[in-house]
Amino acid sequence: MSTGLLNPANVSEVVYAQARGRLADRGVDPDLLLGEGAFGAEVDVAGFYLTLGTVAATEKAGQTPTHSAARLALHAGLPNEVADTLFLAYNQQSAEEAGHGDKVFGNAYFMLGGAAPSGALSAVGKTDDSATFLLPHADRKTNKHTLSAFAAFLGGIETVALQQAFPSLVSLCERWDHPVCRDLLLQIRDVVRPEESRHVLLFRYVFHQLIASKSEAIIRGFLDQTNVGRAQVGGEPLDRAAFTRLVGANSPTPRQLLGKERSFAS
Ligand SMILES: [Fe+2]
Ligand SMILES: [Fe+2]
């Protein structure tokens with residue numbers, strides 16, 4: 001079984017019992033069944049609640065690495081326009097991940113159980129560790145390589161979030177008529193999805209600007225690293241054909257990455 005971003009089956013009995021207690025204390029029935037979750041198992045309200053905590057912690061965990069990646073992009077020997085675009089887009093993504101973690105998912109988690117989500121729930125580990133390797137070295141080529149590997153890894157996580165995690169949360173929310181769920185559905189639609197779509201565009205931008213014109217071995221390395229990121233949050237690996245469809249034929253434009261142009265045709 002994968003390390004499940006959305007899989008309550010991977011949660012320990014102790015954590016699960018604690019979640020059920022918190023919900024019951026606030027008058028929420030933890031055993032109410034909501035239906036099938038992202039990994040095929042039946043999810044109850046306690047499982048949904050734990051998933052919210054995991055998503056909140058994981059989104060927040062994305063803030064520090066993307067903040068570092070923005071700065072690393074200025075030391076990677078890239079053409080000015082590409083370096084500037086990566087700085088702006090990762091800097092914006094850093095702020096957006098924090099916003100999701102605290103404002104959307106963190107608040108919904110708090111509303112249901114009266115406790116803040118713990119960083120220990122993060123599916124991607126401790127942020128400070130993951131950001132250390134993004135500190136710039138003297139050698140710009142090393143920095144460029146680190147940045148590409150990070151972009152692929154993060155893109156893997158982002159694609160699972162956008163295509164599996166958020167749709168699954170939406171479908172669970174639609175099956176539970178609770179005020180927290182009604183608010184969450186609106187915030188996922190209006191805030192989370194447009195921002196996450198841009199994060200996947202940024203992954204596509206890095207691929208087209210730094211990798212697409214390189215050798216098959218380098219492209220394969222980027223795909224492998226994408227799949228490491230997907231596995232981190234319980235996603236299936238992409239094969240070469242699915243990867244090619246995902247990155248599309250063209251690079252997104254800088255304005256699209258920053259949300260200044262909404263439509264993007266691949
Ligand atoms: Fe996010
Ligand atoms: Fe994201």
*May I ask you to list pairs of residues, at least six apart or on different chains, whose Cβ atoms are under 6 Å apart, with the first in the range 49-76 being closer than 11 Å to F105 by Cβ and the second being among the β-branched types (V, I, T)?*
T58/V124
*For L135, all conditions in the list (1) assigned to a helix (DSSP H, G or I); (2) more than 14 Å from ligand 2 (Cβ to nearest atom) hold save one; what is the number of the exception?*
(1)
*Which ranges mark the helices (runs of 4 or more DSSP H) fully within the range 212-266 that have 1 or more residues being more than 21 Å from P79 (Cα to Cα) and of a type in the set (F, W, Y)?*
240-247
_Number of the exception - Q164 against (1) surrounded by fewer than 23 Cβ atoms within 10 Å (Cβ to Cβ); (2) under 17 Å from G53 (Cβ atoms); (3) within 17 Å of the chain's Cα centre (by Cα)_ = (2)
_I'm checking my understanding of the structure. Among residues of the range 187-215 that are more than 12 Å from ligand 2 (Cβ to nearest atom) and charged (D, E, K, R), which one is surrounded by the most Cβ atoms within 10 Å (Cβ to Cβ)?_
R204
*Can you work out which of the residues in the range 9-28 that are part of a helix (DSSP H, G or I) and under 15 Å from A120 (Cα atoms) is modelled with the lowest pLDDT?*
N10
*asked:* Could you tell me how many of the residues in the range 18-45 are in contact (Cβ under 8 Å) with a residue 40 or more places away in the chain and among the basic types (K, R)?
replied: 2
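The values are calculated or read from the model by the stated rules, or taken from the named source; none is laboratory data. All figures in this text were calculated on a predicted structure; none of them were measured in a lab. Note: ideal-geometry Cβ built from the backbone for every residue, glycine included; neighbour counts use all protein chains shown.
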